[in-house]
1. Hey, got the dipole for the chain? About the Cα centre, +1 on K and R Cβ, -1 on D and E Cβ, debye to the nearest 20?
2. Pairing the Cα long axis of helix 173-183 with the longest principal axis of the chain, what angle in degrees results, from 0 to 90 and rounded to the nearest 10?
3. Would you compute, from DSSP H runs of 4+ residues alone, the mean residue ellipticity of the chain at 222 nm, taking -39500 (n - 2.57) per run and dividing by the full residue count, rounded to the nearest 500?
4. Only four residue types carry charge here, +1 at the Cβ of Lys and Arg and -1 at the Cβ of Asp and Glu. Report the dipole size of the range 172-312 about the Cα centre in Debye, rounded to the nearest 20.
5. Quick one: compute the contact order of the chain, relative version, from alpha carbon pairs under 8 angstrom and 6+ residues apart, as a percent.
6. Can you tell me how the range 127-200 classifies by the Cα gyration tensor, rounded, prolate or oblate, using a/c under 1.5 as the rounded cut?
7. Of the DSSP beta bridges with both residues in the chain, give the percent that are antiparallel, rounding to the nearest 5.
8. Given the pairs Lys13/Lys174; Lys229/Lys266; Lys13/Lys302, which span a C-alpha to C-alpha distance of over 22 angstrom in this model?
Amino acid sequence: MQPYSVFALSHSKQIAESVCHLLRKRQGQLFSTRFSDGEVYARFDESIRGETIVLMAQVDLPYTNLFELFITIDAARRASAKEIICVIPYLPHSRQERKDDARSSVSARLIADFIEHSGADRIITIDMHSTSIEGFYKIPIDHISMNNEFIRHIRTSLQPDNLCLCSPDFGGLKRIKQYKSVLNCEMSVIHKERLHPNQVSNMEIIGDVKGKDVVIIDDMIDTGGTLCKAADMLLQQGAQSVHAYCTHGVLSDDAISRIENSGIHKLIISDSIPRQYLGQNMEQISCAPMLASAIDHLMRNKSVKQFNQTHS
Ligand code: R5P
């Protein structure tokens, strides 16, 4: 086993505590604060010279969290850490992984450049919006998924009579097929058109959902617009119930009340993004055990894919 220490950004102390508990490690001393104008400051309060460090980094918005990551990586590099492994459960800007209009940015690529230029050596992340993002990085990425945790929950808590999986867009088809291969059930897909970010203009369900217990699987839920509209349509087309599993609970805007007031029976998210409050029809499954296993496998030079592949 390779020796290493675990540190956490200011926004990630709670998940780091769970991960450290599972790994039987103590959390290293990392101090961060803000100048009065908001400028971010970070400092390691113990020596990391020649060490491998694992940096727990939940970097959802505001952008200061992301900036704290860049600055902390830089501080680690300047403090002579040997290797800097960043655990970034939710990679922000993943929806902008291609130029979708003539004069738009590919900001997922820009984020990759910032992280690499800061000095990161490796990333562990969960359920990337698109696996093509991995190609933006020259450093290795260990991409793990919530599939097994969600499948276990579907089997034990939902126990659906008449399960039909549903992907809210064509981009999620590969993910749905992985679930289908294990759950051995029917599937449907929604053809979705967007006019603007976060605004779905049109949806069409492909597949028969009448009388089915539909389970929507998505990588993320932001405003909840996609999910609530999909649930309404599925119920209109005769679905018996609609549940949803989304790895990253961004939940911006009025997402929580939108979901509470929708036809969704229950939404299950992970804690890849820290949340103070969950809606009444929401539940959280921690990704900490998976992250701890990924770190442990990595440090033992054991296959990460093997423990994380979708299995029955
Ligand atoms: C889109 O491709 C994603 O997989 C999600 O469906 C989408 O980002 C969710 O956004 P919102 O909740 O704002 O509709």
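The values are calculated or read from the model by the stated rules, or taken from the named source; none is laboratory data. From a predicted model like this one, the values you see are computed outputs, not experimental measurements. For neighbour counting, all protein chains shown are included, and Cβ atoms are generated from backbone atoms with ideal geometry for every residue, glycine included. Quick note on the areas: whole protein, heavy atoms, side chains included, nothing else; ligands and nucleic acids left out. Shrake-Rupley method; radii C 1.70, N 1.55, O 1.52, S 1.80 Å.
1. So the magnitude is around 780 debye.
2. 80
3. -8500 deg cm²/dmol
4. 540
5. 14
6. In terms of gyration-tensor shape, oblate.
7. Of all bridge pairs located within the chain, approximately 20 percent are antiparallel.
8. Lys13/Lys174; Lys13/Lys302, as the Cα separations exceed 22 Å there.
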